[in-house]
Amino acid sequence: MTLPRRTLLLVLALCLPLVYAVALRGFMLAEMRTAGADRALVWVEGTPAQLNALAEQVDARHGRVPAGRVREASATLPPPRPCGPQAREYSIGALNHDQNHPARKLLEQLAAETGATVCRSNMFVFNELHVPAERSPGEIAASIGMQSLLLPAGFVIAGYWAFARQLSLPAPGAGLLPRGKAVACGLAVALVLWCGLKLLGLWIPDAGIDSGYRVAAIGLPIAVSLVLFEPLMQELSLRLWLVTLAERAVGTWPAVLMSGLAMVPMYYSLGWATSLSSAAVGCALAALYARTRSLWATLAANSALGFALFLP
């Protein structure tokens, strides 16, 4: 194969992942700008003096941050693992756009200044000030569409469907394994990845899989996006599309590596540890696809990892 043709195939291989990344980022930014305020929070352990000193800085009534809130663990507010029963939740609300992560970092900094220990971070409440009664049906429908990623998923599905025949891409239902075995294989891979990420999180906290999310906190549309629509977009664009086209130019395993590295730009804002662990998961899912040639296998694995975010 000539070099120009290889180059063309590699460029084509990146087209649908680019559509996925732009659509995902665009709709997330649109939702952040049009929806209610978010809240960044951390759970902290320490001595009563340390926790009280931190509360004096975070509590909005007399603290250093706006919309700050402090809550003690209780039967209705159990602390997430691995926090103990005496842990407290410290949070900053009224956040918009890209303020969530800086606010979380500020909370971690304030906790460190008091000598307390952050036992759980990377937690957010999205669109906390959501008031459906004050929004029109059209605004509510648009918000649900953006939060669930239904519209970005539609772009990716349409893009794949429009060019699948011209580029000789595999049908979504194709595969080397029967559907049931493919799903079982995907779930087994997800279990291995989940265990690996949990162990990795003990060594590098930001690289492990986060969990403990609650549907009531993030909203049902966002939960659906994490378990269904985002995994579907990733598998169509990064596996069926990218791997299939890239391996024609550079071979299967370099294409698998490309599929994993394509995750880095999508998660770079969360830090290098999260980006690299996401790339490793992407490579594992791409390898699963290379072995099974089944969307069902990779989608089951990816969706299971999304569901694992809601485990304790």
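The values are calculated or read from the model by the stated rules, or taken from the named source; none is laboratory data. Computed from a prediction, not measured in an experiment: that's the story for all the values here. Here the Cβ is made from the backbone with ideal geometry for all residues, glycine too, and neighbour counts use every protein chain on show.
Observations on the model:
- Within segment 264-304, the set of residues being of a type in the set (A, V, I, L, M, F, W, C) and either without any contact (Cβ under 8 Å) to a residue 24 or more places away in the chain or not assigned by TED's automatic domain parsing to the domain that holds A171 (or both) comprises V264, W272, A279, A280.
- Within segment 1-10, the set of residues being exposed (fewer than 13 other Cβ atoms within 10 Å of the Cβ) and touching a Leu at 6+ places or on another chain (Cβ under 9 Å) comprises M1 only.
- Given (1) part of a helix (DSSP H, G or I); (2) hydrophobic (A, V, I, L, M, F, W, C); (3) surrounded by fewer than 18 Cβ atoms within 10 Å (Cβ to Cβ), index of the condition V243 fails: (3)
- Test: residue in segment 200-207 that is of a type in the set (F, W, Y), in the same structural domain as L270 (by TED's automatic domain parsing), in contact (Cβ under 8 Å) with a residue 12 or more places away in the chain and within 27 Å of F124 (Cα to Cα): no
- The criterion of being modelled with pLDDT under 90 and of a type in the set (A, V, I, L, M) does not hold for A158.
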